[in-house]
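Submitted below is the structure of interest, expressed as structure tokens.
The values are calculated or read from the model by the stated rules, or taken from the named source; none is laboratory data. Everything numeric here is computed off the predicted structure, so don't read it as measured data. Here the Cβ positions follow ideal geometry from the backbone for every residue, glycine too, while neighbour counts run over all protein chains shown.
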Amino acid sequence: MKCSAKIWASLAVAFLTLGMTAQAAELAILSNGFTIRHERREVLAQVTRLYLGADKNSFIDVATSQIVGFEKDNTPAQPTAAASQDFMAAVRAASDKHRIDSDFISSVIHAESSFNPRAVSPKGAQGLMQLMPGTASKLGVANPFDPVANVDGGTRYLRELLDFYHDDMAKALAAYNAGPRRVTQYRGVPPYRETHAYVGRIIREYNRKKLAEKRARTGAASTLAVNGSTTAGH
């Protein structure tokens, strides 16, 4: 599983020192209540890099200030065929199947679980897209900690919400976070600070990704145009 998500903040926790590493499997305890299992860690200035496995390219960068502590992971590993698949492959598959932009799915996963497939919220939501047990059951997700099944189920639910709200992204996200009943009750995004922050965070991140892609395409097109002119000149 390979993730390149980066979560930035300004201050480091005092008990973490530059270059410190851990060699045993641990759980990083985040200030939002989530945990991230990792094999080792490394502090790089204001960011702590959590290595998810033996592959040095499989890591998540988390703002050091968002980590409140570490503890040993005593949970026995339960490998599945799906767990060995590439993370982005699961997102792309769900994107193609349910007709939702993969960048949008990734932005939701970032906000929901910080890309931790074993995340459990204080309210009991589970996995990458934080499915509640009842919702997971309705979606046919037998194991919410199976990354592929979780992403597919969560994306299918997002598709249902987008269809219901006529592709109104803000309403769909608000319903995903606070429930469709609250969106109906308030005729839009409910007046909850958490929900407003959640919706705004995902839309901003998604828009940044789309803008970066547009700039990359524009830059590539400019390069091609220049190279084409140079070749023609010869």
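Every residue, every condition in (1) under 21 Å from Ala93 (Cβ atoms); (2) surrounded by fewer than 17 Cβ atoms within 10 Å (Cβ to Cβ); (3) of a type in the set (Val, Ile, Thr), yes or no:
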| site | (1), (2), (3) |
| --- | --- |
| Pro117 | yes, no, no |
| Leu131 | yes, no, no |
| Ala136 | yes, no, no |
| Gly140 | yes, yes, no |
| Phe145 | yes, no, no |
| Asp152 | yes, no, no |
| Thr155 | yes, no, yes |
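Determine whether Asp55 is of a type in the set (Asp, Glu), at pLDDT below 85 and not in a strand (DSSP E or B).
yes
Given the conditions (1) farther than 21 Å from Gly127 by Cα; (2) touching a residue at least 40 places away in the same chain (Cβ under 8 Å); (3) in a loop (DSSP other than H, G, I, E, B), report the number of the one that Leu162 does not fulfil.
All conditions pass for Leu162, except number (3).
Now a separate question. Is there a residue being within 25 Å of Gln66 (Cα to Cα), at pLDDT below 95 and under 14 Å from the mean Cα position of the chain (by Cα) anywhere in the range 149-159?
no
Another question, then. Return a yes/no flag: does the range 101-120 have any residue that is acidic (Asp, Glu), in a helix (DSSP H, G or I) and under 22 Å from Tyr206 (Cβ atoms).
Yes, the range 101-120 contains a residue that is acidic (Asp, Glu), in a helix (DSSP H, G or I) and under 22 Å from Tyr206 (Cβ atoms).
How many residues does the range 72-117 hold that are modelled with pLDDT of 85 or more and on the phi < 0 side of the Ramachandran plot?
Total satisfying the criteria: 26.
Are there any pairs with C-beta distances below 6 angstrom linking a residue in the range 28-46 that is under 23 Å from Glu112 (Cβ atoms) and touching a residue at least 60 places away in the same chain (Cβ under 8 Å) to a residue that is among the small types (Gly, Ala, Ser) and buried (at least 19 other Cβ atoms within 10 Å of the Cβ), with the two at least 6 apart or on different chains, and if so which?
Partner pairs satisfying both residue conditions: Phe34/Ser114; Phe34/Ala119; Ile36/Ala28.
Taking into account only those residues within the range 87-115 that are among the hydroxyl-bearing types (Ser, Thr, Tyr) and within 8 Å of the chain's Cα centre (by Cα), which is surrounded by the most Cβ atoms within 10 Å (Cβ to Cβ)?
Ser113
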